[in-house]
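The values are calculated or read from the model by the stated rules, or taken from the named source; none is laboratory data. Everything numeric here is computed off the predicted structure, so don't read it as measured data. Every residue, glycine as well, gets a Cβ built from its backbone with ideal geometry; the counts of neighbours run over all protein chains shown.
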Amino acid sequence: MKILYIGDIVARIGRATVQKVLPDLIKEKNIDFVIAQSENMSTGNGLTIKAVEEMREVGIDFFTGGNHSFKKKEFYPYLNDPKIPVIRPANYPENTPGRGWAIASSSFGKILVINLMGITFNGPQLENPLKKVDEILEENKNEKLSASLVNFHGDSTSEKVAVGYYLDSKVSAVIGDHTHVPTADARILPGGTAIITDVGMVGPADSVLGVKKEIIISRWLNQLPARHEITTSGPCQFCAVLINISTKGKAKSIEQIIRLVDI
Ligand SMILES: [Fe+2]
Ligand SMILES: [Fe+2]
């Protein structure tokens, strides 16, 4: 089974990039299931049901979340609705809207998708992600799964690599995102788990993580607050990884896919 994981889709321009790249990519690579990071999908800050529907129309089957998933309160009822294929990090407090994991169905059977948030820079207020993932795997140990994927949303590269080793042989893939910058370390660990520290983003290449570069540079120079505005045209990057998973749920290969298109 071939699963494509797409990094943080940033705002309307990121969605336009997905619309331009994904339908052909699915055919070109014979992709069976598509998962994407949704936390920046609307205006760069949070997500809306309209953005989710727009992305489902062009082939995204399932969405993970991150620290920005809670920015739009109007999306909370959808996070709570099990029919909407969107999750958020599992190690947030109990009363946080939404679910931290879900079982998605594909033509190859059930896929367990787990979402975790890094704690190195996001603080001790979040539950320990390693203990949380153990609980979730224990809860699902009797499920007949074709594949299992953990999305680890965090800043620290060392934390993400350590989590990969912690979960090696327990899940099919551990996929990092959140920094919006792709890393060059996609590989299969000895126990058969595919990892990458960060997939990168889908959005304007000529920007600082999606935001207009002039705004960010002036903030650094002047130390004054400024509203973040998303770059709305120009060259765009599409960053994803394609994981090929055996019938035993082990990763056979992981391929980094980075495309540049003009929007
Ligand atoms: Fe993001
Ligand atoms: Fe994030």
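Out of all the residues in the range 221-243, is one or more modelled with pLDDT of 95 or more, surrounded by 23 or more Cβ atoms within 10 Å (Cβ to Cβ) and among the β-branched types (Val, Ile, Thr)? Among the residues of the range 221-243, at least one is modelled with pLDDT of 95 or more, surrounded by 23 or more Cβ atoms within 10 Å (Cβ to Cβ) and among the β-branched types (Val, Ile, Thr), which makes the answer yes. Across the range 36-51, the qualifying residues are those that are aliphatic (A, V, I, L, M) and within 15 Å of ligand 1 (Cβ to nearest atom), and the one among them that is surrounded by the fewest Cβ atoms within 10 Å (Cβ to Cβ) is ALA51.
When only residues in the range 191-215 that are over 19 Å from VAL261 (Cβ atoms) and of a type in the set (Gly, Ala, Ser) count, which is surrounded by the most Cβ atoms within 10 Å (Cβ to Cβ)?
Checked the range 191-215; the qualifying residue surrounded by the most Cβ atoms within 10 Å (Cβ to Cβ) is ALA194.
If the condition is being surrounded by 21 or more Cβ atoms within 10 Å (Cβ to Cβ) and either within 11 Å of ligand 1 (Cβ to nearest atom) or in contact (Cβ under 8 Å) with a residue 40 or more places away in the chain (or both), then the range 52-64 contributes MET55, ILE60, PHE62, THR64. Out of curiosity, is THR183 in contact with a Ser or Thr (Cβ under 8 Å, 6 or more places away or on another chain), of a type in the set (S, T, N, Q) and touching a residue at least 40 places away in the same chain (Cβ under 8 Å)? No, not satisfied.
Mind checking whether some residue in the range 65-82 is more than 15 Å from ligand 1 (Cβ to nearest atom), surrounded by fewer than 16 Cβ atoms within 10 Å (Cβ to Cβ), under 22 Å from VAL199 (Cα atoms) and not aromatic (Phe, Trp, Tyr)? No; the residues of the range 65-82 include none that is more than 15 Å from ligand 1 (Cβ to nearest atom), surrounded by fewer than 16 Cβ atoms within 10 Å (Cβ to Cβ), under 22 Å from VAL199 (Cα atoms) and not aromatic (Phe, Trp, Tyr). Annotation: of all residues in the range 1-28 being of a type in the set (Lys, Arg) and more than 16 Å from ligand 1 (Cβ to nearest atom), the one that is surrounded by the fewest Cβ atoms within 10 Å (Cβ to Cβ) is LYS27. Quick check on ALA90: is it assigned to a helix (DSSP H, G or I) and either within 15 Å of ligand 1 (Cβ to nearest atom) or small (Gly, Ala, Ser) (or both)? No: the conditions fail for ALA90.
The set of residues in the range 130-141 being in contact (Cβ under 8 Å) with a residue 40 or more places away in the chain and of a type outside the set (A, V, I, L, M) consists of LYS132 alone.
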